[in-house]
Structures are given as structure tokens and as C-alpha cells.
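See below for the structure under consideration.
Just so it is clear, none of the values below were taken in a lab; they were calculated from the coordinates. From a predicted model like this one, the values you see are computed outputs, not experimental measurements. For neighbour counting, all protein chains shown are included, and Cβ atoms are generated from backbone atoms with ideal geometry for every residue, glycine included.
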Amino acid sequence: AQASERLGRQLAGRKLLLYAPTFREHGTTLRELLSPASLAVILDFCDRHRLVFGVRPHPYQQAGFDRDFTRGNILDLSVGRYAETAVVLRQASYLVTDYSSLWVDYLYTRRPVFGYCPDMRRYTEKDRNFIYDYERLFPGPIEASWDAVLCHVEGTFAPSGLNDWRHRREEAMRLLQKAGLKVVATG
């Protein structure tokens, strides 16, 4: 409860745009996923739309987070500051992720999920690959640029903009259930 209240105070009534990338064995760093130019675009977007940009790096990629991202309207939502992932997911209005399984837990919130995967080919060929059609299962659009991801986020601001995302979420839940996973949406 204390961590949730602390995060609520940091948000101060603003919505949280959460970025939670997974670990990459080939060594792509958080700095590469969030270049200075991309970060400027993201922070400008967040300022215009009264959002807070929160970053929850994979615990294996924690090194360098403080050094690289201690400026601007960015919240450090790393494991060292928020041990329980559920606290962060509950507060997020939007999730941007890649190959992380966090989106499966986030489905329970019934909020939009977006994919930022600038290295999908390399990830699938050199790192881990998938045993299923990831692009079909993922509950939102998958993009290779932050500009495209932010366009999708902005598209949800109007009530009608959520319809496509809701359809994708329901399809992902149906596919997960068909595979034998029990997925029950709440909220």
C-alpha cells in the first residue's frame, strides 16, 4: 500500500505511460531503446498530454538507468524503487513493452498495450525467438519507432479510439485461453 501511495503522489493526478522493455541477450541497452532524440519526442508528447513517462527496465538491465535517465519528466519505476510489478501495472494507464510477458498480467487492467520492437528481427533470430505467432497474439500494434507508438497512444484519447484496442485485447485473451491459460479480465 505504501508503494502504491508513493507512486500516486509522484503521478499527482497525471496518467502514467509505462515503458517496460525486456532483457536482450545481444546487449541492446536501455540507452539504445530510448535514444536522446526519441526521449525528447516522448517527453514532449507527455508534457502536451499531461502524462508521466515511467520506465521499468528489466532487472538485468538496471545498470545505467540512473546515469542515463535522471532528467526531465521520467519516473524510475525499477525494481529497486518499486519491488512489486503489480503496483506499477495497476497505476499505468498505458503499457509500452516488447517481448516481455508483463503484457499478459497487464491484460487484467483492461487498458491499452502497445509494442515497441525496433529490433524484432534481431531478437527473433539471435536472442530467443518464439514458439507462437507473437504479432498475432500481442494485444496491440507493434511498431519500430516511438513516433508510431505515440500515434497509437494518442489514438486512444477519444472513446472511439479504444475500440480497435479492445478487439485486439479480447482476441489475445481468447488465444491465451485456447492455449490453456486461464485469463480472467477484471475492472
**Item:** Net charge over other residues, Cβ less than 12 angstrom from the Cβ of Leu7 (K, R count +1; D, E count -1)
**Value:** +3
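Gain in length, Asp147 to Glu84, computed as 0.36 nm per residue apart minus the alpha-carbon separation, to one decimal in nm? Kindly include the intermediate steps, with their values, before the conclusion.
Values: separation 63, 0.36 × 63 = 22.68 nm, distance 2.97 nm.
Using 0.36 nm per residue and subtracting the Cα-Cα distance, I get 19.7 nm.
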**Request:** Order the peptides 94-107, 44-57 from the highest to the lowest mean number of other Cβ atoms within 10 Å of their residues.
**Result:** 94-107, 44-57
**Message:** Show log10 I(q)/I(0) for the stretch 15-54 at q = 0.17, 0.20, 0.33 Å⁻¹, two decimals, from a solvent-free Debye sum over equal Cα scatterers.
**Reply:** -0.50, -0.65, -1.11
